[in-house]
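A short worksheet on the structure shown next.
Taken together, the values in this text are just the output of simple stated rules run on the coordinates, not laboratory data. Quantities reported herein were computed from a predicted structural model and do not represent experimental measurements. Note that we place each Cβ from the backbone using ideal geometry, even for glycine, and neighbour counts take in every protein chain shown.
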Amino acid sequence: MKHTDKERVLWAALSAGAVIGASVMARKSADHAWRRVRGESPPTDAAEPANGWRDLIVWTLASGLSVALARFAAQGVASKLWRKKLGRRPPVD
């Protein structure tokens, strides 16, 4: 079944909102977890002498992975909601 332009716009808005919200929450959660485990703010500036390469790499991997997983999960939830409400796949294009 062909999707209408209205459905494509609606899907773009729904999925973007879900992904953005999940990404923000994941980043804040990663930041909070770093602070609890390390007792300090995560490194954000590679030029700062106090930030070691190990910490920069670990933070990049941890925060990037948490955001990527959250985005993947949010996209899946949005897709399931779309299927439940409309009975078909969301527009892929």
Checklist entry - In nanometres, what is the gap between the two model label sites at Ser79 and Glu40, each 7 Å from Cα along Cα-to-Cβ? => result 4.1 nm
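Using 0.36 nm per residue of separation minus the Cα-Cα distance, give me the extension gain between Ala12 and Leu65 in nm, one decimal. Before the final figure, lay out the partial values.
Working: separation 53, 0.36 × 53 = 19.08 nm, distance 2.33 nm.
Separation in residues times 0.36 nm, less the Cα-Cα distance, equals 16.8 nm.
So for the chain, considering every pair of alpha-carbon atoms, how many percent are separated by more than 23 Å?
Details: 1796 of 4278 pairs.
Cα-Cα pairs in the chain separated by more than 23 Å: 42 percent.
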Item to check | Rounded to 10°, Cα long-axis angle of helix 5-38 versus longest principal axis of the chain | outcome: 20 degrees
Item to check | 11 Å reach of a label modelled at Met25, 7 Å along Cα-to-Cβ, counting backbone N of the stretch 54-71 | outcome: 70-71
Next on the checklist: For Cα pairs less than 8 Å apart in space and 6+ apart in sequence, what is the mean separation divided by the residue count of the chain, i.e. the relative contact order in percent?
Outcome noted: 40 percent
Checklist entry - About the Cα centre of the chain, what is the dipole size in debye to 20, counting +1 per Lys and Arg Cβ and -1 per Asp and Glu Cβ, all else neutral? => result 760 debye
